[in-house]
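Here is the structure we will look at, set down as structure tokens.
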Amino acid sequence: MSRGGKLIKTTKSAIEQKARKVLISFVSLDQDSWDAKCNDVSFMQSFRKGPTDTTLPKDRHEIWRPSVALAQLTNLEDKTYAPLRFDDYYLLWDGNDKHKDLPLQVKADIEAAAEHPSVHLENLNIKKAFDTKFVYQTLFLYLQKPEFQDPKTEYYVNCTSGTTAMRNCLFLLTQIGHINAVRISPTPWVNHRQRGKPKDPENGYLQDGRRSITGSYTLEDPKEFGKAYAEIGATEQKTTSGILSKNFTLTDTSLIEKIARVVDAIRSIPDKACRRKQSILITGETGVGKTQLAQNMRDAFSPKTGAQLPFFSLNCATIRGADPNIQRIELFGAVGKVANVEAKDGALKMADGGVLFLDEVGELSLEMQAMLLTALDSGEFTPFGDSTKTIKSSFQLVCGTNRPMDELVESGQFRRDLYNRINMWHFSIPPLRERRGDIELNVTPKYIHEVIGKACGINNLTFNEDAKKTFLDFAHDETITWDGNFRELNAMLNRMAILSDKMSITPEIVEEEIARAKERYADKAARAKSVSQAPTAEFPNDKIPIVTQILPSASQPGNTNPRRAELLGEGGYEKLPLLERAEFDLIVKTVENDRLSTQKELAKKIYGKFTPGQLGRYLEKKFRIRFAHGKLSRIED
């Protein structure tokens, strides 16, 4: 017996089961007809017993007819094929009056045998035998009948007879499981060795490929196609995972595998409009590799052959707080010279046909968020400077952010509808301190040579093994929190490479770099400790806010800020203790850089839990300043 095109032996006991067997097949108007086959010389000669045999079939009972042969699979010449006996045989025909004699004749010939299945001649009244839609609908409804849905019955469907539409529709209906059946293909050959054999122009086929009245058969389980598809999918996913992992290391491959599965699924969507809606959101701290992953996604979305898809990246934080017109121009472009900017294509246009990466998407203004949502939904937008012009663009959107988007939505700083639109697929990248094992993947000889060496212009850079061990011991120290993630790691590797005299990173270079890093982390710890011990103004109910941010240096030469005099008065800043100067600078910097609008946001960003009234009284008593409607102002005496 053959499954999936492979010949396999099947024991008699495996076939002769007690389960009821049902066969469904169309009458073949050409293969089942003596009139259609008797003049086919090659066909007739293939029934000879050997090269010297000149006997040819004399009537329909001496040739192979598929509909009849399917009812006679109980005693085949080649014992490789197990006997197959059907209990019921549903013989289908199109209902055309011109064809009615042949189905009746086939039914009579089947029933003339001493042992035969119960034949049910079914007129499906298929008036449009070559119309795939009509045939599909007819067969779909027919196969819904209860006699074809019994879980205890074994169903066999012949997909090789009838018009092309009939064969294709039966194949599809078995493949999608509309009827739980095995596909059976009758063949006139005694065995399958004939395949690939040449045909003698005078004598037809030779002995090893002759036809017989009963022939043989092949079986094909639709589930095997599902397994084959799964294997192909696994292979493609493995390839995609490799592309996504380029310069983006994760020892825990489960995240990359999840992303690869989604990328492959999106890429396989045939409809461009549907594919455009599958936006991807990447979240994670600064430096974890969001941009690199987005670039790798572009490579994964690109065709296997040919040029890569376009890739355009825009960091929304770089246009934060700028003139709203500049934000609009950067996103949607401009026509003519407007806002002191020459005509240019915006990010959405530049990414047409490729991938658009909007990094730090949480920094967009509410107005730009609304315009972006409209562009994403419609696939078109209007450039700045010409409201009558419409530009169409189709791209795969990937967004990145290091901010808590849920909180931005709840506080009204980010539109919920846009968040739902860009958050179709969400992947969170853990910080480096939570996956320290990945550090080893970034100090391999290949990475040091091809990535770090290339970045520093060094052709044959190496990492001394003792030096590498020392560095890895440092990297796994829990007191080293890798606040800058991979950006901090690569900066350290680059510094050591520059000091390597273009040869090898030595233990002495590593010790020097580790000393610099420990000094940085010691300064951080000292500042955090001084903040936690700082005196604070009294609060009702003993609720004292604690500064949770690291305070900036406030006493370095040249560290001036015009806002100090504006808010504290001339000389007011210098009268503050050093710690309070640092706290004041942090408040001003946080309000201005993060575009905070409420006391609740400011307190959460710097002090932790509190009530807005407490923060107001605290700022008034300590600095004589007020924060309201997103602005800091001085309280006059």
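Key figures for this structure:
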quantity	calculated
Furthest towards positive pole of dipole, ILE282, SER378, THR401, structure part the chain, Cβ charges	SER378
Taking all pairs of distinct alpha-carbon atoms in the range 17-77, Kirkwood radius in angstrom	13.5
Under 5 Å, built H, 5+ apart or other chain: amide partners of ILE269	none
In Å, descending, principal axis extents of the Cα set of the range 387-429	37, 24, 15
For peptides 436-446, 215-225, sequence by mean Cβ density within 10 Å, most packed first	215-225, 436-446
Amide hydrogen neighbours beyond the local backbone of LEU121, cut-off 5 Å, H modeled	LEU91
Average Cα contact separation per residue, the chain, under 8 Å, 6 or more apart, as relative contact order %	9
Mean residue ellipticity (222 nm) of the chain, computed from DSSP H runs ≥ 4 via -39,500 (n - 2.57), nearest 500	-11500 deg cm²/dmol
Nearest-20 debye value, the chain charge dipole, Cβ charges on Lys, Arg, Asp, Glu	480
Table column - 3J(HN,Hα) (Hz), the range 35-43, Karplus curve with 6.51, -1.76, 1.60, x for Gly and Pro	4, 7, 9, 5, 8, 8, 4, 4, 4
Within the chain, percent of DSSP bridges classed antiparallel, to nearest 5	30
Flagged links, alpha-carbon separation over 28 Å, of LYS290/LYS337; LYS37/LYS127; LYS258/LYS446	LYS290/LYS337
Dipole of the chain, positive direction: furthest Cα of ALA467, ALA165, ILE498, with charges on the beta-carbon	ALA165
Equivalent ellipsoid semi-axes - Cα gyration tensor, the range 445-505, angstrom	21, 13, 9
Inter-label distance for ALA114 and ASP97, nm, one decimal - labels placed 7 Å from Cα along Cα-to-Cβ	4.2
Per DSSP, loop chymotrypsin sites (Phe, Trp or Tyr not before Pro) in the range 86-137 with at most 14 further Cβ within 10 Å	PHE130
Cα centroid separation - the range 565-637 against the range 371-426, whole Å	33
Distance between the range 66-96 and the range 263-320 - C-alpha centres, whole angstrom	54
Residues whose placed amide H lies under 5 Å from that of ASN315, excluding near-sequence neighbours	ASP359
At 0.890 mPa s and 25 °C, Stokes diffusion of the range 571-637 via Kirkwood alpha-carbon radius, µm² per second	201
Whole-number D in µm²/s for the range 335-410 (Stokes-Einstein; Kirkwood sum over Cα pairs; 25 °C, 0.890 mPa s)	179
Accessible surface of the range 384-485 [probe 1.4 Å, protein heavy atoms]: carbon and sulfur percent	48
Reachable lysines from LYS128, criterion Cα separation under 19 angstrom, eight or more residues apart if same chain	LYS98, LYS100
For the chain, diffusion coefficient by Stokes-Einstein and Kirkwood Rh (Cα), 37 °C, 0.692 mPa s, µm²/s	102
Linear extension gain, ASN420 paired with ALA522, 0.36 nm per residue minus alpha-carbon span	32.5 nm
Members of LYS468/LYS524; LYS246/LYS518; LYS524/LYS605 lying beyond 20 Å, as alpha-carbon distances in this model show	LYS468/LYS524; LYS246/LYS518
All-pairs alpha carbon distance profile, the range 38-175, 10 Å steps from 0, percent	9, 33, 36, 17, 4, 0
Mean shadow area of the range 45-120, taken as a quarter of the surface of its Cα convex hull (nm²)	6.6
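The values are calculated or read from the model by the stated rules, or taken from the named source; none is laboratory data. Computed from a prediction, not measured in an experiment: that's the story for all the values here. Because the Cβ atoms are built from the backbone with ideal geometry, glycine has one as well, and the counts that use them run over all protein chains shown. Note: areas computed on protein heavy atoms with side chains; ligands, DNA, RNA excluded. Shrake-Rupley method; radii C 1.70, N 1.55, O 1.52, S 1.80 Å.
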